[in-house]
Amino acid sequence: MKNNSLPVHIVATIKPKPRFYNEGVQALKRLLEPTRAEIGCIRFDVFEDEDRLQYVLVEHFNSQTDLEFHYEQPYTKSVFALYETILEKAPEIHYLTPIVK
């Protein structure tokens, strides 16, 4: 069971269908500003790999509760809805725990 008060660290790898790559980039760019403005967001960055085949999101939130708040926002839900159409496969989401604090 997750402790809702501990920080949450996530790396998500997201692979769109090639024809939708740029559409996904634009959607993720629109997600940056409002997500970073959320009180519980520590870090939210979007990267692409060298071959422009996938996006990598690096996310840090103050707590699981803050992450869940992020998931409930209209701008986040709109990207999740877009994923249903543009993704080649389900995102790979890795929850990370710091080795050294």
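Worth a mention:
- Members of the stretch 35-54 that are in contact with a helix residue (DSSP H, G or I) (Cβ under 7 Å, 6 or more places away or on another chain), closer than 12 Å to residue 75 by Cβ and open to solvent by 40 Å² or more (accessible area, probe 1.4 Å): none
Matching residues to (1) among the aromatic types (Phe, Trp, Tyr); (2) in contact with a Phe, Trp or Tyr (Cβ under 6 Å, 6 or more places away or on another chain); (3) assigned to a strand (DSSP E or B):
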residue: 20; (1), (2), (3): yes, no, no
residue: 39; (1), (2), (3): no, no, no
residue: 44; (1), (2), (3): yes, no, yes
residue: 47; (1), (2), (3): yes, no, yes
residue: 51; (1), (2), (3): no, no, no
residue: 68; (1), (2), (3): no, no, no
residue: 77; (1), (2), (3): no, no, no
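- Residue count, the stretch 18-32 (criterion: open to solvent by 20 Å² or more (accessible area, probe 1.4 Å) and either basic (Lys, Arg) or touching a helix residue (DSSP H, G or I) at 6+ places or on another chain (Cβ under 9 Å) (or both)): 5
- Checked against (1) free of Cβ contacts under 8 Å to residues at least 40 places away in the same chain; (2) open to solvent by 90 Å² or more (accessible area, probe 1.4 Å); (3) of a type outside the set (Val, Ile, Thr), residue 88 passes all but a single condition, namely (1).
- Any hit, the stretch 4-14, residues being part of a helix (DSSP H, G or I), open to solvent by 50 Å² or more (accessible area, probe 1.4 Å) and touching a residue at least 60 places away in the same chain (Cβ under 8 Å): no
- The stretch 57-66, residues that are hydroxyl-bearing (Ser, Thr, Tyr) and assigned to a helix (DSSP H, G or I): 65
The values are calculated or read from the model by the stated rules, or taken from the named source; none is laboratory data. Predicted, not measured: the structure shown is a model, and the values here were computed from it. No Cβ is skipped: glycine too gets one built from the backbone with ideal geometry, and neighbour counts run over all protein chains shown. Just so you know, the surface numbers come from the protein's heavy atoms only, side chains and all, with ligands and any DNA or RNA stripped out. Shrake-Rupley method; radii C 1.70, N 1.55, O 1.52, S 1.80 Å.
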